[in-house]
1. Starting from residues that are at pLDDT 80 or above and more than 19 Å from A:Leu14 (Cα to Cα), keep the ones in the stretch A:137-160 and report whichever is nearest to the other protein chains (Cβ to nearest Cβ).
2. Using beta carbons and a limit of 7 Å, which pairs, at least six apart or on different chains, have the first residue in the stretch B:14-35 and facing another protein chain (nearest Cβ under 8 Å) and the second one assigned to a helix (DSSP H, G or I) and among the polar types (S, T, N, Q)?
3. Sort out which residues of the stretch B:78-108 are within 14 Å of another protein chain (Cβ to nearest Cβ) and either among the aromatic types (Phe, Trp, Tyr) or at positive phi (or both), and write them in order of number.
4. Out of curiosity, is B:Arg165 part of a loop (DSSP other than H, G, I, E, B), in contact with a Ser or Thr (Cβ under 7 Å, 6 or more places away or on another chain) and among the charged types (D, E, K, R)?
5. Does B:Gly31 qualify as being within 24 Å of the chain's Cα centre (by Cα) and either surrounded by 11 or more Cβ atoms within 10 Å (Cβ to Cβ) or not in a helix (DSSP H, G or I) (or both)?
6. Restricting to the stretch B:157-195, and then to whatever is more than 14 Å from B:Pro234 (Cβ to Cβ) and acidic (Asp, Glu), can you tell me which residue is modelled with the lowest pLDDT?
7. Which one of B:Arg154, B:Arg111 is surrounded by 24 or more Cβ atoms within 10 Å (Cβ to Cβ), at pLDDT below 90 and within 14 Å of another protein chain (Cβ to nearest Cβ)?
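The values are calculated or read from the model by the stated rules, or taken from the named source; none is laboratory data. In this text the structure is predicted, and so the values were computed from the model without any measurement. Note: ideal-geometry Cβ built from the backbone for every residue, glycine included; neighbour counts use all protein chains shown.
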Amino acid sequence: MNASSSKFLAATILIYVCAAITQSIGTAVQSLFVPDFMLIATCCLGMFLSRTGSMAAGATCGILEGAMIGANLTWYGLTRLLAGWLVTIFKSMEMESNALIAGVITAIVSFISQLLLLFVAPSAAIGVSFLATIGTALVNGVLAAPLFALLKRLLDPVNR
Amino acid sequence: MGQWQNSQRNAGRVDPVTNVTRSLVSPLANGFSALNFRAADLYSGFVRAPALTEENRRLKDLAQSAEFYTEQVDRLNRQINELRLLTQLGPLPGRERLATDIIGYFPRENRITLSIGERSGVKKGMPVESGRGLVGIIETVEANRCQALLITSRGLTVGGMVLNRNPAQVGFIRGQDGMSVVLSLQDPKSPVEVGDTVITSGFGDLIPRGVIVGKVVQVIPSEEFGTVRAIVDPVVNLGALKEVFILK
């Protein structure tokens, strides 16, 4: 299996598993720190994909997430597409590729993406949603680190 | 895409993208949910076993004593329906309760996904309640699942009233910040006080009167607009629910 096929397969499996977790995890997490697994998937995949691939993965994640939640598909798709693009911008800065950096990038991108969603499609009062956005960004950053390490082991073993 | 989605939603249906996505994701998601519940139950069993045994015994006693009253209430409800039919008023809504599991909870969007749908007779607009009070209203229905908008959602408005006030204080309940709801009363001198219980008014075809919404925690009179806004804390802890009932 060549590199692009294995990346496509990994992206498909990761997005599917994250979608299932998104659907089921809500009943277990009851705080402001609700992780957004689709955003984590977008950010982590974006670090291994091309700009187009990253944006496509982001848009797919957004549409799937919006569909499961019952939220606006357009805004979810666009904000996650932007997240995919932002990750590739950070990647082009030629920072060191490690789990800590991946966590930080995920936290920043999650915050920007969720903040944008908060303004274009607000679902609750701004104050509470803003706090939830910060909480989600932090949790996403923490969870992205091990996922990035796993993906690096699978997709990019030479540069590990 | 958003407009297409909204037009389907207004009709109580879901768009094909949503339908396909949920159908594909549901099998694995249900597996994760079951695993999650079992792990939580196992932990709870280890940690709280003696307290749970005692609670179980007490609840069995309560259920036994409540059985007599349930029969009596059912008989009286049947009589009310018969009398309404005689006067050509039609039966009251919400007499039948369909038990269902919550298979998805999305606190940020104030929505829950439930495990039954059109095949069980679920329709758009039906109220969802837990044993303690109103949870939300059905928004979209698919064959084997449906999605409800929670009462804390800003997109949901239902008729509400303050219990035990004479004359009845009737207004509209609307979600506020994802955690509380607001009862807006059109009379600025409405005698609402902190601690009052708010229930559904029942002025509709699908939502019955008397389903508890919550307790008033703050009253904000606004004489210049001629209204009173009562901030209501829902009685139901929306995040802690596993099973709910759809009132048919």
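1. Filtering first and then ranking leaves A:Ala137.
2. Short answer, once both residue conditions are applied: B:Val14/B:Gln8; B:Asp15/B:Gln5; B:Asp15/B:Gln8; B:Val25/A:Gln23; B:Ala29/A:Gln23; B:Ala29/A:Ser24; B:Phe32/A:Ser24; B:Ser33/A:Ser24.
3. B:Tyr105, B:Phe106
4. For B:Arg165, the condition - part of a loop (DSSP other than H, G, I, E, B), in contact with a Ser or Thr (Cβ under 7 Å, 6 or more places away or on another chain) and among the charged types (D, E, K, R) - is not met.
5. Spelling it out, it is not the case that B:Gly31 is within 24 Å of the chain's Cα centre (by Cα) and either surrounded by 11 or more Cβ atoms within 10 Å (Cβ to Cβ) or not in a helix (DSSP H, G or I) (or both).
6. Within the stretch B:157-195, the match that is modelled with the lowest pLDDT is B:Asp187.
7. So the residue among B:Arg154, B:Arg111 that is surrounded by 24 or more Cβ atoms within 10 Å (Cβ to Cβ), at pLDDT below 90 and within 14 Å of another protein chain (Cβ to nearest Cβ) is B:Arg111.
Residue-wise test of (1) without any contact (Cβ under 8 Å) to a residue 60 or more places away in the chain; (2) closer than 22 Å to A:Ile25 by Cβ; (3) surrounded by 18 or more Cβ atoms within 10 Å (Cβ to Cβ).
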{"site": "A:Ser92", "(1), (2), (3)": "yes, no, no"}
{"site": "A:Asn98", "(1), (2), (3)": "yes, no, no"}
{"site": "A:Ala102", "(1), (2), (3)": "yes, yes, yes"}
{"site": "A:Leu117", "(1), (2), (3)": "yes, yes, yes"}
{"site": "A:Gly135", "(1), (2), (3)": "no, yes, no"}
{"site": "A:Gly141", "(1), (2), (3)": "yes, yes, yes"}
{"site": "A:Leu154", "(1), (2), (3)": "no, no, no"}
